[in-house]
Amino acid sequence: MNKAPMLAPLLLVHIAVLAACGTDSPETVLAPGARILASSSAQGSPWSEPLNLGPPVNSPAVEQNPTLSRDELSLYFVSNRTDLPGALGGNDMWVSHRACLACPWETPVNLGPVVNSSSGDAGPNLSVDGHLLFFTSNRPDELGSTDNDIYVSHRADPKDDFGWGPPVKLGSDVNSTLSEFGPDFLESAEDGAANLYFQRGLAGGHPTNDIYYAAVTRDGETRGPAVSVVELNDPTVADGSPTVRKDGREVFFNSTRSGRLGSVDIWVSTRRNVHRAWSTPENLGPPVNISGLAGVGTRDPDLSFDGRTLLFMSNRPGSVLRLDGVPSDDIWMSTRTSRGEDDPREARER
């Protein structure tokens, strides 16, 4: 999400550090022996101090589920804001544009009634070629069910952010009697078999929430039943919102497992190649995750196509204030100068 050293001054960052919000003890304490990756992933250079994207992207409402287009000129996200025209009810998907990498983000525009509905629509994720949009919705399906399911929409022109066709719900290989959230389409990294990573479980951060993946074609057709990514999941807590580096060798996700710094943290796991199991997840650590503030968390990670920018949602100090004066859920950004690479000795094994 080659933005690393150059992007910080490009965004309209309005960071007002709230000294009054932070005297409480953290909701959880780092477990003895827990491994924290001090400011970096296992493979990349350190992550920068996070920056709030600021208005007009962020608002006193909730902004979450960010994802960048491959050219990094379109930012998709989810919000329940009503200060702009086009809101259809509940959570909607929005898009903000910028004319160049050095240009500010423009006023967000609702994606419209073709893909949004009067129900909750969330978790947008773009395919590498830009022709597919995966997302989650709890709109009533053909059987009247309002469980969250994953849908896909197609467009002919990958530059037309308002050219999406009617969404199609993925079949029973992906969707189930539980809820499915947070799709991330890993296109062709695994020997040509595209894979869709996502979260399945009960709504509300229930411990049943785990990370799954299913084989999906480049056209968004499923090829077999989803399976649990057991090495990433803790069966006693909620794990979800996976975002996988486009070579399939690094994954970030949020979890409430033991060892977190806030109410929810971002974790990272790696693997030498796509035929290996994922490593034991490690807490991404500060400055991406934040401690010492009750009720403050970090989640909804999204890794850019070049692997150098991590967008996420957090309600930490510096977020736009809600009407009651409390920091809102905002979109934040951290960068690294290297996208993350394996040890050269490991690369030879691929």
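Every number here is computed from the coordinates shown, using simple stated rules; none is lab data. Every value quoted in this text rests on a predicted model; they were computed, and no experiment measured them. Cβ atoms come from the backbone with ideal geometry, glycine included; neighbour counts cover every protein chain shown.
What the phi angles of the range 197-204 give under the Karplus curve with 6.51, -1.76 and 1.60, with θ = phi - 60°, is a coupling list of 8, 6, 10, 10, x, 8, 5, x Hz, glycine and proline written as x.
With a simple spin-label model that places each label point 7 Å from the Cα along the Cα-to-Cβ direction, the separation between Arg322 and His206 comes to 2.4 nm. Summary of the geometry: the range 304-343 and the range 118-173, compared by the centres of their Cα atoms, lie 24 Å apart.
Legend: calculated FRET efficiency, Asp160 to Thr337, from the Cβ-Cβ distance at R0 = 25 Å, rounded to 0.05, equals 0.15.
The residues packed around Ser118, meaning those with a beta-carbon under 12 Å from its beta-carbon, carry a net charge of -1 if Lys and Arg are +1 and Asp and Glu are -1. Of the peptides 79-89, 305-315, the ranking by mean beta-carbon count within 10 Å, highest at the top, reads 305-315, 79-89. Label-to-label distance, Arg276 versus Ala294, with points set 7 angstrom from Cα along the beta-carbon direction: 4.3 nm.
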